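The values are calculated or read from the model by the stated rules, or taken from the named source; none is laboratory data. If you're wondering where the values come from, they're calculated on a predicted model, not measured in any experiment. Neighbour counts run over all protein chains shown; Cβ positions are idealised from the backbone, glycine included. Accessible surface areas use protein heavy atoms only, side chains included; no ligands, DNA or RNA. Shrake-Rupley method; radii C 1.70, N 1.55, O 1.52, S 1.80 Å.
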Amino acid sequence: MTPGPLLSVAGVVLLLGLVVGPGRPQLWRILTLCGVAIGMGAAVRVLSGGGDWEWRSGFPLGGEAMHLRLDGVSALFLVLVCTVGGGGCVYGGEYWSDHHYPASAPRGRAWWNALLVSLGWVLLSANGLHFLLGWELFTVSAYFLITLDRQRLQVRAAGWLYLVASHTGTVCLFAFFALLAARTGSWDLGPLRGQAGLSSLFWLALLGFGVKAGLFPLHVWLPSAHANAPSHVSAILSGVALKMGVYGIVRFSGWLPVPAASGWVVIGLGSVSALLGIAFSVAQNDFKRMLAYCSVENVGIIFIGVGGAMLAVSHGDAPWGRLAMAGALLHVWNHGAFKSLLFLGAGSVLHAAGTREMSRLGGLWPRMPWTAGLFVLGSVAASGLPPLNGLVSEWLIYLGLFDAVAGRGPAGWAALPAILALATAGALALVGFVKTGALIFLGAPRTRAVARADECGWGMRVPMLALAAVCLAIGLAPVLFWPAVSRAVDAWHPAWATRESPAPLATLGLFQATLGILVATAAAALWYRAKSRGGRRAPTWDCGFRAPTARMQYTAASFAGITAGWFDWILQPMLRWRRPRGLFPTGAFRRESVPETVLERVISPVAAGVLRVSTAVRRLQHGRLQSYILYLVTGLLGLGVLVLLEGAP
């Protein structure tokens, strides 16, 4: 069956699920899973060599004929939408159940399907007007999912910030598509690389899509939205919604001409996002906010690859650009898998312990072994360590950048700093995830609620296991996924069309599989030895005390204090403390928090200044006619003075 009928059936089934979802959760779950499975079938058919699909309607929608298109690029992103969308559907049944959330769970199911349908519509649209319609529905659906728990002030504030930032980006995208339609004479979209006059429009697209992707410093909405949304919503926001911004840049940098400097700018923004995103991540105490900033870092990694590919195209179609773009597109899949897994694991911890503060957790490994093991697996993948999938995509980007440096051309001057940023970000990511895993799962419980925590049920466990399987499959057998990624790269830039996988990828896969077997064997041997010999439990951290307490353990700030200190210039940490006084001090404390620097130190003061000016201007509108006449006369006199000055010799 061709992709067209499959996509039609998937859309109808998901819309039917949207209708029945509020009242019949089991039927909704069945319909949603069927819809995403059928949609994935259409995408896999294209990625497996079944050919692109294109369709034009004979009837208008909003004055424009519908034009849908599924090629390698859009199919690759559609697979991600279906994978995370299906997993979140199952996970939400237990995590955000009708029993605990009778008011918000039914509408959450409806908005979930609305989000999936709108994401698919964006990926298929080849008409600027219809793209914007899908984009707006996607934005609104995500807003209502973020604010499911709208009784909390923080949730409402996060939702409004997301909505304002998203519509700021939408204004830029509307200008982009409107100018594109004005210059081409049509809202229709497609390959137009030969029209050099369109290249300047790329900057509008970069700004509009960069907001949605969470590029630093356009990421201001992202930490609070990801932290305050329900965890399965956070998973699809980070794993999929951010990638719509990436999709926009990839799609239109392939279809339209771009300025000569665009590759330099994109690789520079990617390097800054990767480095500063992970710096903010390491300094967090809220584990969901930590994962949100880690998403900024990973989006930066993707943009490094995309920027490298754009540089290669502008420098004679250098072959190393194909590796960089392949790494970027594979990292779209990889980040979607391991970050969704991590957010679902974070949701399991929050569901059991009732707090997002790492310094109030601890000792959860024996109480939640499934969650702990899967979270550690996701952390290894996110840190780019073998034998999991994060290393594969980053390795491809490294190969492309190293080839650019070896070529000793102008592109090497951009590739070298990007390599350094990528390596530094990887090292900091390892620090951040060691801190997070140790504070949450090791040591002793810091509160009674944590000491009573229980493992999540299978409804939450199965989606995490499925995403972990994806991380393992791509990590251990990357060659199997190369044809799909290759077709996406070829759709972006047909001049690179080839089906051969790079030899280093096959070697890396063999190394990862061998290492995976060795690690699994060693872990099983250690577990068997510990089980057979037994052992005595003792406090993790006693500092020589006979009766240690949980307060003697490391906190989030103390664990990452040295690393975060390197970035004090951008983190701007706020410290409150009181020293112990006297021979028998009664109390002391030290509290450190990291603000949203860009939002609180840059955007908020500017917005406050604009508000003050607008308030002052409003005072001029008081309804007195004589004052309005005075304003008019003053303006005319000013214009007269300007005319006289311009006419003076």
Give me the residue from the stretch 302-327 that is touching a Pro at 6+ places or on another chain (Cβ under 9 Å) and open to solvent by less than 10 Å² (accessible area, probe 1.4 Å) and, out of that set, farthest from residue 401 (Cα to Cα). 326
Lone unmet requirement of (1) crowded, with 24+ Cβ neighbours inside 10 Å; (2) closer than 27 Å to residue 62 by Cα; (3) more than 12 Å from the chain's Cα centre (by Cα) for residue 263: (2)
Identify all residues within the stretch 181-203 that are touching a residue at least 60 places away in the same chain (Cβ under 8 Å) and either touching an Asp or Glu at 6+ places or on another chain (Cβ under 7 Å) or of a type outside the set (Gly, Ala, Ser) (or both); write none if there are none. 187, 188, 189, 191, 192, 193, 195, 202
Looking at this structure, is residue 69 charged (D, E, K, R) and assigned to a strand (DSSP E or B)? yes
Is it true that some residue in the stretch 240-256 is over 12 Å from the mean Cα position of the chain (by Cα), outside any strand (DSSP E or B), within 20 Å of residue 333 (Cβ to Cβ) and of a type in the set (D, E, K, R)? yes
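Out of the residues in the stretch 106-141 meeting the condition of being closer than 15 Å to residue 32 by Cα and of a type in the set (S, T, N, Q), tell me which one is surrounded by the fewest Cβ atoms within 10 Å (Cβ to Cβ).
Within the stretch 106-141, the first condition is being closer than 15 Å to residue 32 by Cα, and the residues that meet it are 106-120.
Then drop every residue that is not of a type in the set (S, T, N, Q), which leaves 113, 118.
Working: 113: 26, 118: 21.
Looking at residues that are closer than 15 Å to residue 32 by Cα and of a type in the set (S, T, N, Q), I get 118.
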The correct count of residues that are closer than 27 Å to residue 190 by Cα and either crowded, with 21+ Cβ neighbours inside 10 Å or over 26 Å from the mean Cα position of the chain (by Cα) (or both) in the stretch 1-37 is 12
Qualifying positions in the stretch 472-481 - open to solvent by 10 Å² or more (accessible area, probe 1.4 Å) and over 21 Å from the mean Cα position of the chain (by Cα): 473, 476, 477, 479, 480, 481
Please find, among 427, 346, 423, the residue that is open to solvent by less than 30 Å² (accessible area, probe 1.4 Å) and either in a loop (DSSP other than H, G, I, E, B) or aliphatic (A, V, I, L, M) (or both). 346
Check on residue 156, open to solvent by 50 Å² or more (accessible area, probe 1.4 Å) and basic (Lys, Arg): yes
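Based on this model, can you work out whether residue 352 counts as open to solvent by 10 Å² or more (accessible area, probe 1.4 Å), modelled with pLDDT under 95 and over 26 Å from residue 459 (Cβ atoms)? Full working, then the answer.
Numbers: open to solvent by 10 Å² or more (accessible area, probe 1.4 Å): yes; modelled with pLDDT under 95: yes; over 26 Å from residue 459 (Cβ atoms): no.
In short, no.
This table checks each residue for (1) of a type in the set (Val, Ile, Thr); (2) more than 21 Å from residue 232 (Cβ to Cβ).
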{"site": "36", "(1), (2)": "yes, no"}
{"site": "44", "(1), (2)": "yes, yes"}
{"site": "65", "(1), (2)": "no, yes"}
{"site": "72", "(1), (2)": "no, yes"}
Lone qualifier among 618, 581 - being modelled with pLDDT of 80 or more and basic (Lys, Arg): 581
Residues being among the hydrophobic types (A, V, I, L, M, F, W, C) and surrounded by fewer than 21 Cβ atoms within 10 Å (Cβ to Cβ) - total across the stretch 39-52: 1
For residues that are at pLDDT 85 or above and open to solvent by 60 Å² or more (accessible area, probe 1.4 Å), scanning just the stretch 489-518, find the one that is nearest to residue 313 (Cα to Cα). 494
Out of all the residues in the stretch 397-412, is one or more buried (at least 24 other Cβ atoms within 10 Å of the Cβ), under 20 Å from the mean Cα position of the chain (by Cα) and either in contact (Cβ under 8 Å) with a residue 60 or more places away in the chain or within 13 Å of residue 320 (Cβ to Cβ) (or both)? yes
Can you confirm whether the stretch 558-573 contains a residue that is touching a strand residue (DSSP E or B) at 6+ places or on another chain (Cβ under 8 Å) and either in a loop (DSSP other than H, G, I, E, B) or at pLDDT 75 or above (or both)? yes
Does at least one position in the stretch 351-368 carry a residue that is touching a Leu at 6+ places or on another chain (Cβ under 9 Å), free of Cβ contacts under 8 Å to residues at least 60 places away in the same chain and assigned to a helix (DSSP H, G or I)? no
Of all the residues that make up the stretch 430-471, how many are among the aromatic types (Phe, Trp, Tyr) and open to solvent by less than 20 Å² (accessible area, probe 1.4 Å)? 2
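Quick test for you: out of 124, 137, 115, pick the one residue that is over 19 Å from the mean Cα position of the chain (by Cα), within 30 Å of residue 179 (Cα to Cα) and not hydroxyl-bearing (Ser, Thr, Tyr).
Details: 137 fails: over 19 Å from the mean Cα position of the chain (by Cα); 115 fails: over 19 Å from the mean Cα position of the chain (by Cα).
Matching residue, one of 124, 137, 115: 124.
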Just wondering, is there one or more residues in the stretch 375-384 that are among the aromatic types (Phe, Trp, Tyr) and open to solvent by less than 10 Å² (accessible area, probe 1.4 Å)? yes
